[in-house]
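As structure tokens, the structure follows; a few thoughts come after it.
The values are calculated or read from the model by the stated rules, or taken from the named source; none is laboratory data. For clarity, every value in this text was computed on a predicted model and none was experimentally measured. Note that we place each Cβ from the backbone using ideal geometry, even for glycine, and neighbour counts take in every protein chain shown. Surface accessibility is based on the protein's heavy atoms, side chains included, excluding ligands, DNA and RNA. Shrake-Rupley method; radii C 1.70, N 1.55, O 1.52, S 1.80 Å.
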Amino acid sequence: MAVFAEYDTLTETMKVATHQLRCIECGARIAGSAVNSIFRCPTCNGLYDVIYPWSSLPNGDTPASDSKLPNASALRWLWQERRTSTLPVDQSGVWRFRDLLPVIDDLDNVVTLREGNTPLYELPRASKALGLNWVLAKHQGMNPTGSFKDTGMTSALSVARERGFEWVACASTGNTSAAMAAYAARAGMRSIVFIPEGKIAWGKLSQSMDYGALTIQLKTDFDGCVNVLTDLVNRFPIMLLNSVNPYRLEGQKTPAFELVEQLEWQVPEHVIVPGGNLANGSALAKGFAEMHHLGLISRVPKISIIQAEGANPLYRTLIENNGEELIPVKANTRATAIRIGNPASWRKALRALRTTGGWCEQVSEQEIALAKAEIGSEGIGCEPASAVTLAGLKKLVAQGKIGREERVVLILTGHTLKDSNYTIDYHRGELFTEEENAQISGPDQILHAALRKPPVVLDPDPDTVFRELESQMKLVHA
Ligand code: F0G
């Protein structure tokens, strides 16, 4: 009974339409409905955070002094209880936590594909190779459209529906567009995607067509697509669904809740994410900070962000000017999901690094390919951009920043089938140029050779197949 009484207070505190948007630069607060079409502060061009009467601000303050904090054990109980429900909003691994993302008034507006609920896997071989006791992978590629974007799309699309938008749009390296197209289709809305021509993986391009989006390939890169889209949303009533839209990040914070719930409310020491447009690390940081503030967890993990060497604006910015001003780069990496040179959310990412004490690292194309093959060989697999997490972890361990007893969670952001061309090219030995191959060092070369599994083409003759098998077995036992 006591729990139900708690629940009543909880739902009361959670009454929707209580959220505001707060500019991360100048601190100005506005009502959610007052935001402009580019989700930027008209005074200083800063991005927004969604804040609630009960949430903490990055500086530790609470927005409203009289706000009651939701009760941590009531929340835990409620979230667990919803697991047995057959309601779509309860089956969603995002809306199951809806008490901490009251961004819509009417739950009938929720657009869900039962996102979230992703597995947390152990990576025993990677742990052993690194000399760590615990390396886990939270596989966000196991979402309905195969990437972590679904958790954010469900929340932002639900807001778009509640606000009466008929059109939504995004610029994308492929995953955002796939997710947006799917959720828009579910909502009966129209979607427009802008993608850089020839620079996204085919699986992702096929998804946006399959889900019925108007797919526009622009002869530019991701950053060029953003420029065109920004102009467009200023002229037409279209909701912008890039990660500058803070409602997306409300959904993207929920894997932090799910993760600690899966760990029975234990907090890992480290969470490692890939960095592209640089929103996801800060979304997770917000989730952890809110749980900490509400007493659901006793501390927050260090969040580290890993970039590809060829698309490393945050890394460069930290090295060259200590995070003062972004140094945009002309991005180039085969991990096309994170081929971004002028990331919109770099200040949010910087805040996440600084408030949690994490690091930013960069990894080479060869390191990404090796890490991806290692994750594949554990029977899990991921797309190239996700593999930067393991490649980055290796660097952080080598630098002595992560110790044996510390628990590490890698956020695998996309499914291996998103970019099967990359995988096939890798295993066939066709991914790298000769020059790039020559740069691979001794121990890595041995590991690459052991992991590469090119398909074998044989005549359909049992003896031939038997001989091949024999030679393969000798190799294994050698
Ligand atoms: N991993 C994958 C698989 C991604 O698709 C992205 C971003 C990231 C990591 C980086 O996340 O931008 O929050 O730092 N993809 C976007 C897209 C840009 O359009 O699909 P971030």
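With a 1.4 Å probe and all protein chains left in place, how much of the accessible area of region 189-285 comes from carbon and sulfur atoms, in whole percent? It is 53 percent, rounded to a whole number. Percent of accessible area on region 411-478 owned by carbon and sulfur, 1.4 Å probe? Reported share for carbon and sulfur atoms: 59 percent. Each Lys and Arg Cβ is given +1 and each Asp and Glu Cβ -1; about its Cα centre, the chain then shows a dipole of about 660 debye.
Return the loop-located GluC sites (Glu not before Pro) in region 395-435 (DSSP other than H, G, I, E, B) with at most 13 other Cβ atoms within 10 Å of their own Cβ; answer none if there are none.
On the way: sites: Glu405, Glu406, Glu430, Glu434, Glu435; in loops: Glu405, Glu406, Glu430.
Passing sites in region 395-435 are Glu405, Glu430.
Of the GluC sites (Glu not before Pro) found in region 290-326, those in coil by DSSP whose Cβ has at most 13 other Cβ atoms within 10 Å are Glu324, Glu325. For the pair Gln399 and Ser377, the difference between a 0.36 nm per residue extended length and the Cα-Cα distance amounts to 5.4 nm. Run the dipole for region 202-345 about the Cα centre, Lys and Arg Cβ at +1, Asp and Glu Cβ at -1, nothing else charged, and hand back the magnitude in debye, nearest 20. Value, rounded to 20: 320 debye.
Rolling a 1.4 Å probe over the heavy atoms of the protein chains gives the chain an accessible area of 42 Å² per residue. Would you mind computing, in nm to one decimal, how far apart the modelled labels at Ser441 and Leu263 are, each placed 7 Å from Cα along Cα→Cβ? The modelled label-to-label distance comes out at 2.9 nm.
Across the accessible surface of region 313-399, with the other protein chains kept in place and a 1.4 Å probe, carbon and sulfur atoms take up 46 percent. The stretch between Ala31 and Trp202 holds 57.6 nm of extra length on full extension. This uses 0.36 nm per residue minus the Cα-Cα distance.
Among the chymotrypsin sites (Phe, Trp or Tyr not before Pro) found in region 210-285, those both in a DSSP coil and sparsely packed, with 14 or fewer other Cβ atoms within 10 Å of their Cβ, are Trp265. Label-to-label distance for Ser471 and Cys44 is 6.7 nm, based on points extended 7 Å past Cα in the beta-carbon direction. Relative to the current alpha-carbon distance between Arg354 and Asn234, full extension at 0.36 nm per residue lengthens the span by 39.9 nm. Note on the chain: antiparallel DSSP beta bridges, both residues inside, total approximately 25 percent of the bridges counted. What is region 327-384 by shape, rounded, prolate or oblate, if you read a ≥ b ≥ c off the alpha carbon gyration tensor as root eigenvalues and call it rounded for a/c under 1.5, prolate for a/b larger than b/c, and oblate otherwise? Oblate shape, in that a/c is at least 1.5 and b/c is the bigger or equal ratio. Model label sites at Glu320 and Asp210, defined 7 Å from Cα along the beta-carbon direction, differ in position by 4.0 nm.
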